[in-house]
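One structure is given here, and the rest of the page talks about it.
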Amino acid sequence: MSEPVYVTRSVLPPLTDFLPYVADIFASHQLTNQGKYVTKLEQDLAAYLQAQSLLAVANGTLALQLALKYLNLHGKKVLTTPFTYVATVSALLWEQCEPVFADIDPQTCCLDPVQAAAKLDSQPDIAGILPVHVFGNAVAVKEVEELAKKRNIPVLYDAAHAFGCRLNGRSIFTYGDLTIGSFHSTKLFHTVEGGCIAAQNKDARQELELLRAFGHRGDTHVLPGINAKMSELHAAMGLCLLPGIETIIAKRKAATDRYNSALEPEKTEGLRTIKLADGLEWNHAYFPVIFESEKSLKAVSDALAQEKIYPRRYFYPSLTKLPYLKPQTAPVAESIATRILCLPLWPDMEVSLIDKICTIIKQKLR
Ligand SMILES: *Cc1c(COP(=O)(O)O)cnc(C)c1O
């Protein structure tokens, strides 16, 4: 029997690329606390993502938490999207923020600026906006940033899915007050576990460094920090993978092109894909498909499961349904969340596997 197929498969460098880093780290005895590999990774990432300052951190969730603290959003109302991974909202809750959900655009699946404006008008105590470049698709940054500017509140982008994306000719990490990334092993670029905070303001670094490492410089205690440091071993993984990132994106593009030609979503009744933002150079991080009904999603999932192929319901349910939040509604997100499925995708995915998945889907929809 063939191996089960999951939504993704983590990319690994050749072991022979990683081992010299391990040997050097062992020899140096510097395992963490801003060693040379974390420093090098931060420099290389800042160059690649075009960030004025960039901090590597332990994971994307802590990146969000530090960013919320830095932007003085702790304990305040923050406008966000209900269609994202739960970590976006968990980070808000751990910072005692109150998430206010604005519905998404049904085509892009990102925060709808018209809905966002309505929430901001009706709740003037909203202190910041946390949009998500979901699946690497770009938020309507111009509209969102105009809304924020009018009210003099910050924008923090969750770009956990958007590593390597460019919008209007520049890195998507250059927008907003801060942008965070996740380097979890299932993400397009990874350090096993990890994340980053990117800022266009060089001064941001000082305070973020304090927040990341216990809030003190030597014996001088400045503010209450946390431990969100990245280790040297984790940075080594990033340094092994970063030089090949454009190849990884190109291979994902080849796989998504194959999906598009085999599935013909524009011609297949009862199926569509998301609409990418104008001016976006996409990273091809995910291949989400939206069905007409949850019933057809389930029929397709069951048929794929028979072949031991397990796509993921990213993101189900809509976060308006979280049992630990007070009820809110977002009809578009709630509907799409029941009908969207991310198909298996990784670099070097076999063309025959993509074709098999597409054949099963088309058969079920017929
Ligand atoms: C993965 C993810 C996070 C959290 O990142 P971790 O590194 O896993 O903590 C945050 N937001 C979104 C949208 C994600 O997909």
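The values are calculated or read from the model by the stated rules, or taken from the named source; none is laboratory data. Only a predicted model underlies this, so the values are computations on that prediction, with no experimental measurement involved. Cβ atoms come from the backbone with ideal geometry, glycine included; neighbour counts cover every protein chain shown. With ligands, DNA and RNA removed, areas are computed over all heavy atoms of the protein, side chains included. Shrake-Rupley method; radii C 1.70, N 1.55, O 1.52, S 1.80 Å.
Structure notes:
- Cα-centre dipole for region 38-124 with unit charges at Cβ (Lys and Arg positive, Asp and Glu negative), debye to 20: 260 debye
- Relative to the globular-protein estimate of 2.2 N^0.38 Å, the Cα radius of gyration of region 129-176 stands at 1.08.
- Extending 7 Å from Cα along the Cβ direction at residue 355 and again at residue 2 yields two label points whose distance is 1.2 nm.
- Using a simple spin-label model with pseudo-atoms 7 Å out from Cα toward Cβ, residue 275 and residue 125 lie 3.6 nm apart.
- Whole-Hz ³J(HN,Hα) from phi, Karplus 6.51 cos²θ - 1.76 cosθ + 1.60, for region 61-69, glycine and proline x: 5, 5, 4, 4, 5, 5, 5, 4, 5
- Most to least packed among 129-141, 195-207 [average Cβ atoms within 10 Å]: 129-141, 195-207
- Computed from backbone phi, the HN-Hα couplings of region 230-239 come to 9, 8, 5, 5, 5, 4, 4, 4, x, 5 Hz, rounded to whole numbers (Karplus: 6.51 cos²θ - 1.76 cosθ + 1.60, θ = phi - 60°; Gly and Pro given as x).
- Going by accessible surface with a 1.4 Å probe and the largest first, 324, 259, 314 read 324, 314, 259.
- Short-range pairs are left out: with C-alpha atoms under 8 Å and at least six residues apart, the relative contact order of the chain is 23 percent.
- Inter-probe distance in nm under a simple model that places probes 7 Å from Cα toward Cβ, at residue 348 and residue 306: 3.1 nm
- R0 of 45 Å, Cβ-Cβ distance residue 257-residue 149: FRET efficiency to nearest 0.05: 0.75
- Counting only heavy atoms of the protein chains and using a 1.4 Å probe, residue 216 has close to 70 Å² of accessible surface.
- Surface share of carbon and sulfur [accessible, 1.4 angstrom probe, percent] for region 66-190: 49 percent
- Computed about its Cα centre, the charge dipole of region 111-185 is approximately 200 debye, with only Lys, Arg, Asp and Glu carrying charge at their Cβ.
- For residue 40, the solvent-accessible surface with a 1.4 Å probe is about 90 Å², rounded to the nearest 10.
- Area accessible to solvent at residue 313, 1.4 Å probe radius, in Å²: 60 Å²
- Residues 232, 281, sorted by accessible area with the largest first, give 281, 232 [1.4 Å probe; ligands and nucleic acids excluded].
- Note that region 209-218 has calculated 3J(HN,Hα) couplings of 4, 5, 4, 6, 9, 6, x, 10, 10, x Hz, one per residue in order, obtained from phi through the Karplus relation 6.51 cos²θ - 1.76 cosθ + 1.60 (θ = phi - 60°); glycine and proline are x.
- Each of 110, 211, 163 was scored by the projection of its Cα onto the charge dipole of region 85-224, and the greatest displacement toward the positive side belongs to 163; charges sit on the C-beta of Lys, Arg, Asp and Glu.
- Cα centroid of region 98-118 to Cα centroid of region 1-30, whole Å: 38 Å
- Extension gain, residue 293 to residue 267, is 7.6 nm, computed as 0.36 nm per intervening residue step minus the present C-alpha separation.
- When shorter helices are ignored and each DSSP H run of at least 4 residues is given -39500 (n - 2.57), the per-residue value for the chain at 222 nm works out to -12000 deg cm²/dmol.
- Evaluated at q = 0.08 Å⁻¹: base-10 log I(q)/I(0), Debye formula over Cα of the chain: -0.40
- Taking all protein chains together and a 1.4 Å probe, the residues 214, 101 rank 214, 101 from largest to smallest accessible area.
- The distance from the alpha carbon centre of region 136-150 to that of region 164-190 is 15 Å, rounded to a whole number.
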